[in-house]
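The structure appears below as structure tokens.
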Amino acid sequence: MSLLTTLQQLRASERHHAQPLSRLRYLHVADQPMLILPLNRPGETARPLAVMAGCDPGHPRLFLAPPGDDDRFLTDLAEHLHTYIHSFHYATRIRPAKGEQPERREYLDAPQLVVTGTASAYYLKMLGRALRYRPVPEGTDPATSVSHLGCWLTFFAERAEYATSSLLLNLTGLLSTHWATGQSILDNAHLAPLMAWIFPPPGLTGHQAALAAENPLQHPPDGPTVDPSFESARLSSLFAALKSSRGVRRQHHVARLQEAAEDYLQPTWDLAWKAIATLRGLPPVRSTAARWDTDIRRFTAYSDHLAAGGPPQPKHDDVVSAAIRLAELEHAAASLAASRALEDDFVMAERRTTGEAFRGTVTHTEPDRTIPPQGPRQRPKRRPLITVRTNDPVRLEPNRLLAGPHDPAVHMAVLDLTYTTDDTEIVLEVRTRTSNPSSVPAVGTTLLLTTAPDHFRRPQFPSRDQIPWTHTDTGLTAPGHEPGEDQA
Amino acid sequence: MSSLSSRLGTLRGPVEPKPHNARSLAALTANPGCRRRAILDAAGVDKEALAVHLGHPLPPTQSPRALSRGAQFEAQVKDQGGAELLSLLRDKLHLPLPEAAHTDLSVLGTSDRAMNVRHARTRSLILEAAHGKGASRTMLDHPVLELTVAGRPVFLEPDLVAFQSEGIFHVVEIKSFAVVDGQAPGDKAAGAVLQGAAYIIALQDLLTRAGFSPERVSTTLLLITPRDFSRRPMASTIDARHQIKSLRRQLDRLERIEDLLGQLPAGITFDLAYDGPDARTRTATRDRDDLTKALNTTEARYRANCRHHCQLAHFCRAQAHEGQLIDVLGSSASEDLGGIDTIAAALGLADGSRAPAPDQEDLATALRHAESIRNELFGGAA
């Protein structure tokens, strides 16, 4: 986090309600996303007690898995999710051939799942793992099977690990990029206290509202873990009763379990839709559409994979896939940061506090400067010079390429930095679009500049049959752990 | 020593010290900089009772069903003389087949009063094995180990201690969280290793006191958990050396609690002044303001994750909020604003209304710069 965010946290605390951070959204918010609120059965691993899901804020569907009746729950949930996903399979478009890529058919739009936070996203990943290897019963359509439900959940959860993907939205994570609160990140990971700071009820401070939202019986926290107080108060006796009852008695207990699950999830459901509407109301940055296009392509590719009878995702990536994936994850995070800096005032401002960006005034230009030929057959090159003076604390090294929101395609290299007591003078050499007159701003112009987006060259990885023997036996990893941060 | 224990006794008041267990010992390594907790823990003060009396109880964090499922899993693994466990241990530790034998110490009783007896029996069985005498035993079930915490003995109950014919003891922990595709959930595995570290230290101490090398105890914890989504057990190994070191450091610190006690005003007590001896019916009559004053003589260091390991967390949070401490904003803000205590002070440095101390010059400059950018973005300081 930056000092700017910290300052907004301080202000939030002083003014008793959340303060804005970025005012522009970088992820896509669909017109009809599907909100999914999973609730795990206490003491089990990835075994839901209930899931509230649906695309209509006014009509949540509750899928209940009363102990002893998991299969019905899974078939119903699978049907619900498949109906939603398959509804995107009707409209296609043709993407014309480009370069080496042949012409391709693509879906027009993609489904979008929404969860309240990281814990729920991880839960969907584990649930996907638990379900995707289930056999498809003989004579049934694999496309509506529980196994495919597992594959899809895995697909969404894995895409969510890419900073650029909007296929699975994490509400508390996104809200935290737009608001600073007077509480810690740990507290912001829960939807109710976070929303309490953003929209405190009249007459309450954000802090008071967040404290009020802590009462688990009045405001059950978002899942997937059931709050232990709620479990003791509402569920423990029902679990015991369900164990021993049959027929009508059981029906009665199941109805009461349904009621308890609805009571637990409904407040979060309402709050989550309010959060979705709030995020949708933020204007998107320009590159948001392109990122969603990538998501649609991924969705198309995975739909094709499943339709062709492709296998579920493996338990472990082999070393090559793992390396590729890591490179892609890093690239996604870096390219997002770079494009946001050029499109979002706040991100640029944050970079100014860290020294990765600066705002300055053009004090001198040499638009017609050329450099001597680099080789025997080359001609002199046009390389205009610009001198910029700034009082931002710059932390840049020579040769670093910079770009600014005034024209992101113009890249200039840092040639020289001169520090004086009050400000810094930076000499820049224009490297791209050098013949374009707009690439050399007039003296007196104010410029915002930050590091230019890196060109991403995908590293070369060996093919699967050329993996050296030292890396072929992946084996099982012992459960790792991170030493606590306080142990230093 | 006796003056120390009488000093701690005064702090606690006329109640039994709150017994430590592996979980509370493991918590010692979290936020070790908090002096308030160090003193309360050394004196064996019931922090939960304090928090309830002060009106800041911590809501329960343990699921009743998860607890009973955990107990069921342990029973299943240990059923029939630990048949399932034995095959797992044979695999991981190469326990020799004919030597496999299982001794259950819970037959000596599971009440608190039986702890002494069970500890004595555990001790003699372990020393027998270490000497290579007596019947060959490979599994001690429900053993009781002893650890000295702040000068007082604490009984610990590991799930199991296994003995290998080459002479190495292993601590085995049975946990009900699943290890899926070879991966345990990070927070839970970390908790298990810390608890295991407490058992390993206790076992090391037992052997060193009898003249054996502490290296007779493996510093690798054996974790028995359900495999994937089944109830079938599997064994994993986790290196606990780091946790053992860090727990030892905290235990040593509790031994040196006198330094901290010396800084307290004389006559301070955290006694809740119960009106009777019966824990079920008694009421705490201690004046709350007076108790708060006493607590304020100890320096707390509130952190957002305190609630995971300290029952007094919500009280300290309320105090931090009242004092407008940076700590309520979480670790990243605390790191950014190192050396500044309060929100008002940080804002004062940012808007220039407060002059920085000599060691705050750089931070103040950065804050003023960030504040000017903030004003450009979001408008005036109103």
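Details
- On the stretch given as segment B:214-239, residues that are free of Cβ contacts under 8 Å to residues at least 60 places away in the same chain, of a type outside the set (Val, Ile, Thr) and assigned to a strand (DSSP E or B) total 5.
- Applying the condition of being at the interface with chain B (Cβ under 8 Å from one of its Cβ atoms) and among the hydrophobic types (A, V, I, L, M, F, W, C) to segment A:223-239 and asking which residue is surrounded by the fewest Cβ atoms within 10 Å (Cβ to Cβ) yields A:PHE239.
- Count - residues of segment A:172-194 that are among the β-branched types (Val, Ile, Thr), more than 9 Å from every other protein chain (Cβ to nearest Cβ) and within 19 Å of B:HIS308 (Cβ to Cβ): 1
- Selection count where residues are closer than 28 Å to A:LYS274 by Cα, without any contact (Cβ under 8 Å) to a residue 12 or more places away in the chain and more than 24 Å from the chain's Cα centre (by Cα), scope segment A:33-80: 2
- Taken over segment A:35-47, the residue count meeting the criterion of being crowded, with 22+ Cβ neighbours inside 10 Å and within 21 Å of A:HIS80 (Cα to Cα) is 8.
- Of all residues in segment A:302-318, those being hydrophobic (A, V, I, L, M, F, W, C) and either part of a loop (DSSP other than H, G, I, E, B) or crowded, with 18+ Cβ neighbours inside 10 Å (or both) number 2.
- All conditions in (1) more than 10 Å from chain B (Cβ to nearest Cβ); (2) under 24 Å from A:LEU21 (Cβ atoms); (3) not hydrophobic (A, V, I, L, M, F, W, C) hold for A:ARG159, with the sole exception of (2).
- The helices (runs of 4 or more DSSP H) falling completely within segment B:298-379 that include 1 or more residues that are in contact (Cβ under 8 Å) with a residue 60 or more places away in the chain and under 28 Å from the mean Cα position of the chain (by Cα) map to B:313-322.
- The set of residues from segment A:387-416 being touching an Asp or Glu at 6+ places or on another chain (Cβ under 8 Å), of a type outside the set (D, E, K, R) and either surrounded by 14 or more Cβ atoms within 10 Å (Cβ to Cβ) or at positive phi (or both) comprises A:THR387, A:VAL388, A:THR390, A:ASN391, A:LEU396, A:PRO405, A:MET412, A:ALA413, A:VAL414, A:LEU415.
- Test for A:SER120: is it modelled with pLDDT of 95 or more, polar (S, T, N, Q) and under 23 Å from the mean Cα position of the chain (by Cα): yes
- Across segment A:106-117, the qualifying residues are those that are assigned to a strand (DSSP E or B) and not hydroxyl-bearing (Ser, Thr, Tyr), and the one among them that is farthest from the chain's Cα centre (by Cα) is A:GLU106.
- Residue match in segment A:284-301 (condition: of a type outside the set (A, V, I, L, M) and part of a strand (DSSP E or B)): yes
- Residue that is basic (Lys, Arg) and out of contact with any helix residue (DSSP H, G or I) (no Cβ under 7 Å at 6 or more places or on another chain), where the choices are B:ARG65, B:ARG69: B:ARG69
- Residues that are of a type outside the set (S, T, N, Q) and crowded, with 20+ Cβ neighbours inside 10 Å were ranked within segment B:236-245; the one that is nearest to the other protein chains (Cβ to nearest Cβ) is B:ILE238.
- Search result, residues across segment A:327-354 that are surrounded by fewer than 18 Cβ atoms within 10 Å (Cβ to Cβ) and touching a Leu at 6+ places or on another chain (Cβ under 7 Å): A:ASP345
- Of residues in segment A:423-437 being within 13 Å of A:ASP368 (Cα to Cα) and not in a loop (DSSP other than H, G, I, E, B), the one farthest from the chain's Cα centre (by Cα): A:PRO437
- One residue stands out in segment B:146-175 among those that are over 20 Å from B:ARG248 (Cα atoms) and within 19 Å of the chain's Cα centre (by Cα): the one that is farthest from the other protein chains (Cβ to nearest Cβ), namely B:ASP159.
- The set of residues in segment B:246-264 being within 10 Å of chain A (Cβ to nearest Cβ) and either loosely packed, with under 15 Cβ neighbours inside 10 Å or not in a helix (DSSP H, G or I) (or both) consists of B:ARG249 alone.
- Boolean, A:GLU214 is within 11 Å of chain B (Cβ to nearest Cβ), surrounded by 15 or more Cβ atoms within 10 Å (Cβ to Cβ) and modelled with pLDDT under 90: yes
- Filter pass, A:ALA261 being touching a helix residue (DSSP H, G or I) at 6+ places or on another chain (Cβ under 8 Å), aliphatic (A, V, I, L, M) and buried (at least 18 other Cβ atoms within 10 Å of the Cβ): no
- Scanning segment B:176-195 for residues that are in a helix (DSSP H, G or I), more than 7 Å from every other protein chain (Cβ to nearest Cβ) and over 11 Å from the mean Cα position of the chain (by Cα) gives B:ASP187, B:LYS188.
- Segment A:336-368, residues that are in a loop (DSSP other than H, G, I, E, B) and either more than 14 Å from chain B (Cβ to nearest Cβ) or free of Cβ contacts under 8 Å to residues at least 24 places away in the same chain (or both): A:PRO367, A:ASP368
- Conditions (1) within 30 Å of A:ARG41 (Cβ to Cβ); (2) within 14 Å of chain A (Cβ to nearest Cβ): number failed by B:LEU28: (1)
- Every test in (1) in a loop (DSSP other than H, G, I, E, B); (2) of a type outside the set (Ser, Thr, Tyr); (3) at pLDDT 85 or above is passed by B:ARG137 save one, and that test is (3).
- If you go through segment B:300-313 and keep only what is of a type in the set (D, E, K, R) and at pLDDT below 90, you end up with just B:ARG307.
- Flag if B:ALA279 is at pLDDT below 90 and under 31 Å from the mean Cα position of the chain (by Cα): yes
- Screening B:ALA66 with (1) within 19 Å of the chain's Cα centre (by Cα); (2) within 12 Å of chain A (Cβ to nearest Cβ); (3) among the aliphatic types (A, V, I, L, M) gives one miss only, at (1).
- Odd one out for B:GLY167, checked against (1) among the small types (Gly, Ala, Ser); (2) within 20 Å of B:SER218 (Cα to Cα); (3) in contact (Cβ under 8 Å) with a residue 12 or more places away in the chain; (4) not in a loop (DSSP other than H, G, I, E, B): (4)
- Within segment A:195-208, tally of residues that are surrounded by 23 or more Cβ atoms within 10 Å (Cβ to Cβ) and either without any contact (Cβ under 8 Å) to a residue 40 or more places away in the chain or within 11 Å of chain B (Cβ to nearest Cβ) (or both): 1
The values are calculated or read from the model by the stated rules, or taken from the named source; none is laboratory data. No experiment lies behind these values; they were computed from the predicted model shown. Cβ coordinates were reconstructed from backbone atoms using ideal geometry, including for glycine residues, and neighbour counts include every protein chain displayed.
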